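The values are calculated or read from the model by the stated rules, or taken from the named source; none is laboratory data. These figures come from a predicted structure and were not determined experimentally. Reconstructed Cβ throughout: ideal geometry from the backbone, glycine too, with neighbour counts over all protein chains shown. Note: areas computed on protein heavy atoms with side chains; ligands, DNA, RNA excluded. Shrake-Rupley method; radii C 1.70, N 1.55, O 1.52, S 1.80 Å.
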Amino acid sequence: VGAPGAASDGRYSGIAPEADLYFICIEDESNNVFPLTENDVDKAYENDVKLISNSWGDHSQGIYDTDSELYDTLCYKYPDLSILFGVGNENEKKDINNNSKISTQASAKNVISVGAAESFRPEVKTFYTSYRFDEGMDIFFKTDLIAYPADGKHQGMAAFSSRGPTHDGRIKPDIVAPGTAIISTEALCDKDNAGKRLSYYTSKSGTSMSTPLVSGSAAVVIQYLREQEIPDPSSALVKAVLLNGTRSMGTGQFKGYIEIPNKTPNWVNGFGHLDLGQSIAPTNTHLITIEGAISNTSDLVTYCFNKCNDGPLRVTLVWTDPPSTPGVGIDLINDLDLQVKTKERTYYANNKVGHNDFVNNCETYRVARLAAQDNIEVRVHGYNVMKGPQRFALAITGLDEGPIPEPAGMLALLLLA
């Protein structure tokens, strides 16, 4: 997250090396884990902590339990606190369509759940031979170097990284980042090395390594937004900015096997691979951020833009949803919908055709190339607002000359339409 890289002359440094760090101990010398409590988070927040990075979690199948409820409650209680969890290292199946192994903590709606992609480190000659896989999957992964693409070109997922969906069909992970053969600082006295420090650095693999990369990136996003005169950016806005800039990983690295679904977002790599540069300084365009609110069911907020650049368009909507009750089925409480309207048609988020998304509190619309045109509308519709007002955040790239304030009566006109 924030290592300065002093012992390596800056070669190995964290994403946010000037961040201040606050530690919460949750494990004793006998490896007994005492999970994070609400009191722990309260004390951290009182000490001005704005994000919490967690590289631990329970094995699960995407179940929303009391831990999931707790972290949703904390995110809802502190709207400017970002909480991140690794999704776990439990994948063992080939099936990419329904192979949920997401930890209960990472199954919370409002946390940023992080999966692991393979790194690009050809010098690491380690294979996945020690990992457990079902029949058919081993022919791909047991002969695959963990930190080098099988075809030498296309990046793939870390074979162990847990996949979604959650039990109610939500997209998890939210985002993935490199998580194989990651170099990080080593404890001064490592019991695995007989109590001797062999190096200042060590190499590890897992979603425990990809999560700090995203956490450090979230810290950079917070700093960037503060510099844009948003002094207390919401966690929803931080998440929207991170997800909006992610890049597609295609279908993965294997011939004859689709490792990743060819539509984004999906249940394997979520909204895509972390790309911090594209999140805050996108190529040939600029980042637009908006924070708003929906008060009641059927309310509609419309942002009008005069111009769409001739190129990619991305719009990402995120809201911090009220906590759900374990065992209720669909965990979404307030259902907002993202729509992008041009002169020709209305586009729906998350690859939906002709209808909205009814289960996720993160929605995105992306198109690789939208011809230059004027009069683009970005709409946020309150399909079902059980507990309002519901604040939301938008991150937009590819639009210009806006948003234009709505003329008087525009909201009522659009609702009638």
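Summary table
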item: Members of region 294-313 found to be open to solvent by 40 Å² or more (accessible area, probe 1.4 Å) and either closer than 21 Å to residue 243 by Cβ or not polar (S, T, N, Q) (or both), listed by number; result: 299, 307, 310, 312
item: Residue match in region 314-337 (condition: under 18 Å from the mean Cα position of the chain (by Cα), at pLDDT 95 or above, open to solvent by 60 Å² or more (accessible area, probe 1.4 Å) and not charged (D, E, K, R)); result: no
item: Region 242-272, residues that are open to solvent by 10 Å² or more (accessible area, probe 1.4 Å) and either charged (D, E, K, R) or in contact with a Ser or Thr (Cβ under 6 Å, 6 or more places away or on another chain) (or both); result: 247, 248, 255, 258, 262, 263, 264
item: Hits in region 40-92 - residues which are out of contact with any strand residue (DSSP E or B) (no Cβ under 8 Å at 6 or more places or on another chain), part of a helix (DSSP H, G or I) and either more than 24 Å from residue 332 (Cβ to Cβ) or open to solvent by 50 Å² or more (accessible area, probe 1.4 Å) (or both); result: 40, 42, 43, 45, 46, 66, 69, 76, 77
item: Region 228-254: number of residues that are modelled with pLDDT under 95 and part of a helix (DSSP H, G or I); result: 0
item: Inter-residue pairs, beta-carbon under 9 Å, first within 19 Å of residue 375 (Cα to Cα) and in region 285-311, second hydroxyl-bearing (Ser, Thr, Tyr) and modelled with pLDDT of 95 or more, 6+ apart; result: 287/224; 287/279
item: Residues of region 1-39 that turn out to be outside any loop (DSSP other than H, G, I, E, B) and open to solvent by 40 Å² or more (accessible area, probe 1.4 Å), as a count; result: 6
item: Single residue of 4, 17 found to be farther than 30 Å from residue 171 by Cβ, under 22 Å from the mean Cα position of the chain (by Cα) and without any contact (Cβ under 8 Å) to a residue 60 or more places away in the chain; result: 17
item: Subset of region 339-378 [hydrophobic (A, V, I, L, M, F, W, C), surrounded by fewer than 17 Cβ atoms within 10 Å (Cβ to Cβ) and in contact (Cβ under 8 Å) with a residue 40 or more places away in the chain]; result: 359, 367, 368, 371, 372
item: Residue that is small (Gly, Ala, Ser), under 30 Å from residue 7 (Cα atoms) and either open to solvent by less than 30 Å² (accessible area, probe 1.4 Å) or touching a residue at least 40 places away in the same chain (Cβ under 8 Å) (or both), where the choices are 210, 234; result: 210
